[in-house]
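The values are calculated or read from the model by the stated rules, or taken from the named source; none is laboratory data. Predicted model only: the values in this text are computed from it and were never measured. Here the Cβ positions follow ideal geometry from the backbone for every residue, glycine too, while neighbour counts run over all protein chains shown. Remember, those area values only see protein heavy atoms, side chains included, never the ligands or the DNA or RNA. Shrake-Rupley method; radii C 1.70, N 1.55, O 1.52, S 1.80 Å.
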Amino acid sequence: MAEVSEAQILDVLKTIVDPQKKADIVTLGMVSGVAVKTGHVAFAIEVEPKRAAELEPLRKAAEDAVHKLPGVLTVSAVLTAQRQAAQPAPQQKGERPLLPHVKSIIAVASGKGGVGKSTTAINLALALSQMGLKVGLFDADIYGPSMPRMLGIRGEPVSPDGETLLPMENYGVKCMSIGFLVPEDSPIIWRGPMVMGALNQLMRDVEWGELDVMIIDMPPGTGDTQLTMSQNVPLTGAVIVSTPQDIALLDARKGLNMFRKVEVPVLGIIENMSYYVCPKCGDEAHIFGHGGAKAEAARLSVEFLGEVPLDIAIRETSDQGEPIVASRPSSPHAQAYRDIAAKIWDKVGLLQAGKKGPKISFE
Ligand code: ADP
């Protein structure tokens, strides 16, 4: 059977009407990126981010309509954030330095998703705050912003002057996340350039006040967004969170190479879900072997900052919005995070002293 054509697809999509704008999505210019390959069709529907949840039925209807075309096996329609929103922030804002009152900025990164990067970021932020530092936490994990949930913060940030936003706050840590502005389960797919535009603007428009340190929960992975972000934000350093498996699979190494490429000092690697602690008997099981990360870190000439076990208490506390460092400060896991935070802070101190001190160059 002949492959379905783009024209046929656009034709049926003309039957899909945006209920609010009272016109079809093709005429409204909302459809883009139509791709067809051996009966598999994909396309994007561009929407304003805040309408994403409301337009889910429209997305589904568009998929169903295309599916009825002869020769179509599968259809995947995604809602993407509208192109016009990708414009950078207005000029006068673009000229202000980014985060001028923040003394140090640490990116928490990972080679891929699901390794516990956000959990680590929040517990480190809390540990630094318990050291008496003024801490901000910026959730740049725009694909899966989890900070509102992990910090147990509900509601929307307020803007006293209509221009800047006040950060949200819990447990003494100031926080901003795209998750406060769009629903957590909103099916938005951000385009590369738009992500940076949105993140830049969000970072700039927040009244952080004076901060000793800002922790950035980076988007997972080592693609263009992560690279651009590492270049645009004046990072003091980065830490890489990895599970024992990814250290073996070289995902952590990709993160390391990315920061090295843009000359951001890598402060070290944290091994998360390092070993399993049985909630019943407290026994430790070293499922993925033990000590591999430490050895690998040494091989890659990067500091091994410490390990955090796989323990249901860590998951439960962060899912409940009560991260373990705040809710169970005397637990050994909270202590593990505090030890790692102290090492990181020492390194930040050294880096900053180095910047101020005389430069020694070797010929
Ligand atoms: P990422 O930011 O890398 O995608 P998350 O921090 O969201 O990962 O963690 C993914 C899931 O794993 C979450 O449900 C979290 O609670 C859980 N998790 C993270 N670290 C641990 C740990 N050390 N022990 C148990 N569960 C963990």
Using a Förster distance of 30 Å, the FRET efficiency for D319-L166 (Cβ separation, nearest 0.05):
0.70
I'd like the FRET efficiency for N257 and L350, computed as 1/(1 + (r/R0)^6) with the beta carbon distance as r and R0 of 30 Å, rounded to 0.05.
0.85
Per the helix-only calculation at 222 nm, which mean residue ellipticity applies to the chain, given -39500 (n - 2.57) for every DSSP H run of n ≥ 4 and division by its residues, nearest 500 deg cm²/dmol?
-10000 deg cm²/dmol
Taking segment 6-84, how many lysine pairs are there with alpha carbons less than 17 Å apart, if each pair must be eight or more places apart or span two chains?
6
Once Lys and Arg get +1 and Asp and Glu get -1 on their Cβ, which of G223, L351, F43 lies farthest toward the positive end of the dipole of the chain?
L351
Multiply the residue separation of D24 and D283 by 0.36 nm, subtract the distance between their alpha-carbon atoms, and state the gained length in nm to one decimal.
87.2 nm
Of S242, N123, V262, which is farthest on the positive side of the dipole of the chain, counting Cα position, with +1 on Lys and Arg Cβ, -1 on Asp and Glu Cβ, and the Cα centre as origin?
V262
In the chain the DSSP beta bridges are antiparallel at a rate, in percent to nearest 5, of 25 percent
Which order, highest average first, do 150-162, 268-280 follow once you tally other Cβ atoms within 10 Å for each residue and take the mean per peptide?
268-280, 150-162
Please give, to one decimal in nm, the separation of the simple spin-label points placed at E303 and S32, each 7 Å out from Cα toward the Cβ.
4.3 nm
Relative contact order (percent, whole number), segment 105-353, Cα cutoff 8 Å, 6+ residue spacing:
26 percent
Using the Kirkwood radius built from alpha carbon pairs, what does the Stokes-Einstein equation give as D for segment 105-353 at 20 °C and 1.002 mPa s, in µm² per second?
118 µm²/s
Please compute the Kirkwood hydrodynamic radius of segment 261-331 from all pairs of different C-alpha atoms, in Å with one decimal.
13.9 Å
Amide H neighbours of L137 under 5 Å, at least 5 residues apart or on other chains, H built in the peptide plane: list them.
K174, C175, M176, I215
Residue-normalised value, i.e. accessible area per residue, for segment 105-353 at 1.4 Å probe, in Å², stands at 41 Å²
Cut-off under 12 Å on the C-alpha distance; same-chain residues fewer than 8 positions from K174 excluded. Which aspartates and glutamates are left, in chain and number order?
D139, E207, E210, D212
By average C-beta atoms within 10 angstrom, highest first, the peptides 308-321, 64-77:
308-321, 64-77
By how many nm would the segment from K68 to V158 lengthen if fully extended, with 0.36 nm per residue of separation less the alpha-carbon distance?
27.8 nm
In degrees rounded to 10, the 0-90 angle between helix 332-356 Cα long axis and the longest Cα principal axis of the chain is 90 degrees
Dipole of the chain, Cα-centred, from +1 at each Lys and Arg C-beta and -1 at each Asp and Glu C-beta, to the nearest 20 debye?
620 debye
Please work out how much accessible surface K343 shows to a 1.4 Å probe, ignoring ligands, DNA and RNA, in Å² rounded to 10.
80 Å²
P(r) for segment 6-84: what percent of alpha-carbon pairs falls in each 10 Å bin, starting at zero?
19, 59, 21, 2
Quote the accessible area belonging to H286 in square angstrom, nearest 10, computed with a 1.4 Å probe and with ligands, DNA and RNA left uncounted.
80 Å²
